[in-house]
Each structure stands twice: as structure tokens, then as C-alpha cells.
Amino acid sequence: MLNVGSSIVAILFNFWGVNPAELPSIPVIAWQDTAIFQVPTEPDPQVEILIDQYLDRLGEKQIPRDRQGVWIQSEWAILGDRRSQTRVPAASLTKVATTLASLHHWGPSHVFQSEVLHTGFINDGVLQGDLVIHSGGDPLFVWEDAIALGKALQDLGIQTIAGDIVIVGPWYMNFEGEDPERAAEFLAQGLNQARWGPALRRQFAKLNPQPQAPEIELQGTVQLQAVLPPDTQQLLRLRSLPVAMILQQMNLYSNNNLSHILADGVGGAKQVEAIAESQANISPEQINLINGSGLGRENQMTPQAAVKLFQAIEIYLEDNGSELTVWDLFPVGGWDSIGTMQFRGIPNGTANKTGTLNRMSALAGVFPTEERGLVWFALQNDDGNILEFRAAQDWLLTQLAEHWSFEDAPGERVEPVFGDPNRIVWLQ
């Protein structure tokens, strides 16, 4: 019988004038022996045992087993499945969808930029006109940033604003997204230490290095306007933290107000849901969102959908050439001990997102292992005590860490610097 493959190779060798006998021997590797087929693809009986023990522990607390969802998978194997296709309240796992949608809408490196301008003129420390903020919608402008802005204005020679502070565009400060007037008043307060309260003074005391406390007197009021006043002149440009760092702070503290601001910026809850469905290959039956935070039992997803969202984030970062990973966007065991990681026993190297509502708790994420590569998981618990749910979740992950060899999280955490003067660009 004619060996077609060998005949074609012989023809090519003759065409190029190459004697096959003179070529060095190349070892032949059977397809089933290549690296990809050495990754374990079979289930792990010990994981099944641990999941049953986890559910038994909950059952001992009179928590119904049939209300608990589990989905655990590696890249090549399903390792645990309990009610993984049942849509249940997602709580703050909703923020994983908001994270994915924000990445697709803005990109991880995007910064929100606001222009600081003025009308009139500056004379002898007095701005004879209005201070104008043309806001770019920075969702994470806080007290420290207002202090840095006040210091920069003083360096420009402004001690008093004879007119008003005029804000044009969406303005958020200290996570205030529903009351723009209140957010605007925060700015005027932050610019003048004479108006600081105890909370703001505590934040100022934490700054290192500590700048000079600004004391800019506002003689007018704070105004919100739809269009820029005429004849404005540029002073400064304010640059936000990158989107990736904003998302990391949102997830670390599970900040509901921040997640609402981001979801609204993307286009609302249903747009977040649509992006989640298309980018994570989630069917409409697997997810339903009414906001970007997870407040309300109507925000729902299946355990498998929660895992798909995490995987879609990692795929997005890889496909777009980012040096970031999911470990840069979510709390990590061994790195974080504040926010949602406080009082938790989540194993080192585990990137995760928590979720909590009345009588329900959720935990989803990923951990790297030596034996199975990346292992993705979602635990969604309902109808029980929140503290007991958290203890059981931490117990199961700890048992998995002892069963496998958990590896360190890739990279290292870059902490945000609030009130960083280097994010203020002088335009004069």
C-alpha cells in the first residue's frame, strides 16, 4: 500500500536537492505523549470526598444541602459539581461581571482625566473669578486627591476663590454617585482644612509624605452646570488611577457605590449582563443582573457562570497583551488582610471575590496548583448563617490546598497611591 505521507516528503526532498539520509535523526513523539496530554483530565475522587464533607459540615448546622452550589474545574477536568446550573443570588459576585464589562468598555490602562480651569484672573492670592472643574468622571476621587488638588492650587498662587466652584460633567467623590451636590460639597470641604472634620483629619495624618494642608477659602458656592462657562483658562489636569487599580479597590472592599458608578458608566446593569453573556459565553438562563454591585436577591447567576466570568477576565487580559492577571484585580490570599479578606482563612495564592446578602454567602475565584494548573471554583451558599458559610468555604479551600500543592500567586501587588501629586499635570 502506498504511503502517501512518505511519498510527498520524498518529492519535496528531491525538489530541494536534499538527501534524507544526510539529515540528523529527529525523535518522534507520539501524539498522546505530548505535554498537553500529560495534563490530568480525569476527575479527582478526593475532591468529591472533600465536597461531601463540606456539605456535611453545613448539614450539621441544619443548613439544607440542596441549597448549596459548587463548581470546581481545572483547564481540562470537571472536579466538583453540585447544582452548578441553578441560578441563585450572586450577591457581590456580580462585581466580577462589572469588572469584566469595565475592562471591555475602557481597558485596564484607561485613566479618567478632568481639566481644572478658571475664569477671571489671579491677583495677590485671589482668584477673581470661578474655579471650574471639567470632570472626566473619575469614579475614585477621594479626600486625599482633593488635598493634593488644594496644594497644587496654592502652588499656583491661589488662596481665595472670590467666585464659585463650577463643576461640569459627572462628578463623583468619596464614592458618592447618587447625590452630585453632596459630592461637589465634598470638594470644597477638602480644599480647606478649616472645614475638615475628624474623619478627614485622620486620612490626612496617614499621608506619607505629608503635604502642607491646603486652606483655600471659597467666598461663593459650589455650582453644577451642564456646559463650560465662556472664556475659561486652563490650570491643571487631574488623572485618575488606572481602571485596573480602580477595579482592584472595588473588589478588595466590595464597594457597592463604586461598582454602581462603574456599571452606570458602562451603560447600566443590562449592558453589564450583555457583555458578560457575550464575552464569557454565558446563556441568559445563567445570569440576571439588576445593578452592578449585587445588592438584592434579583442579581443572580449560576456557580458555573461565576467561574466563566473569572476565566473570561483572564482571557481578556492575555488576548490584549496586558501584563496583568486576575490576581491584580481581586483580593488574594497571603497578599491582602483588609477589606473582604479580614477575618478570612483563604489559602495563599487564591484570587477571589466574596459575596454576602442576608442568609447567603458566596466565594469564587482561582488558585494555581502544581498538579492541576489553574483551578477555578465557585461556592454559593444559601439559607443559613453567614459566618458558618464563610468558615465552611475557608475549610474546603484549605483542604484542597493540603490535597494539592498550591503555588504562589503570580507577580506582586502594586498598591494605589491616593492623593499622588504625580497624577496632577500642570498646564501653565
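The values are calculated or read from the model by the stated rules, or taken from the named source; none is laboratory data. This structure is a prediction, so every number in the text was calculated from the model and none was measured. FYI the Cβ positions are ideal-geometry reconstructions off the backbone, even for glycines, and counts take in every protein chain you see. Heavy atoms of the whole protein, side chains included, go into the accessibility calculation; ligands, DNA and RNA do not. Shrake-Rupley method; radii C 1.70, N 1.55, O 1.52, S 1.80 Å.
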Check your understanding: How do E75, E412 rank by accessible surface area computed with a 1.4 Å probe, from largest to smallest?
Key -> E412, E75
Point to revise | Separation in nanometres of the label points that stand 7 Å from Cα toward Cβ, at N281 and E75 | key: 1.5
Study note, to complete from the structure: Ordering H105, H118, H110, H260 by the accessible surface of their heavy atoms, 1.4 Å probe, largest first, yields H105, H110, H260, H118
Review point. Expressed in nm to one decimal, what extension gain is obtained for the pair R65 and L427 from 0.36 nm per residue of sequence separation less their Cα-Cα distance?
Key: 124.1 nm
Review point. Which lysines have a Cα less than 30 Å from the Cα of K353, not counting those fewer than 8 places away in the same chain?
Key: K61, K95, K206, K270, K308
Check your understanding: Stokes-Einstein at 37 °C, 0.692 mPa s, Kirkwood radius from Cα pairs: D for the chain in µm² s⁻¹?
Key -> 134
Exercise for review: Please give the length that would be gained between A213 and D179 if that part of the chain were fully extended, namely 0.36 nm times their separation in residues minus their C-alpha to C-alpha distance (nm, one decimal).
Suggested key: 9.6 nm
Exercise for review: Heads up, I need the accessible area for K61: 1.4 angstrom probe, whole protein in place, Å², nearest 10.
Suggested key: 110
Practice item. Could you pull out which residues in region 314-341 have an amide N less than 19 Å from a spot 7 Å beyond the Cα of S109, following the Cα-Cβ vector? Key: 314-329
Exercise for review: Using only protein heavy atoms and a 1.4 Å probe, report how much of W76 is accessible, in Å² to the nearest 10.
Suggested key: 130
Practice item. Could you let me know the centre-to-centre spacing of region 155-215 and region 35-104, using Cα atoms, in angstrom? Key: 45
Check your understanding: What part of the accessible area of the chain, given as a whole %, is carbon or sulfur when the probe is 1.4 angstrom?
Key -> 51
Revision key, fill the gap. For the T221, R57 Cβ pair and Förster radius 56 Å, calculated FRET efficiency rounded to 0.05 is 0.45
Practice item. Keeping all protein chains in place, calculate the accessible area per residue for the chain (probe 1.4 angstrom), answer in Å². Key: 47
Point to revise | Accessible area (Å², 1.4 Å probe, nearest 10) - T86 | key: 50
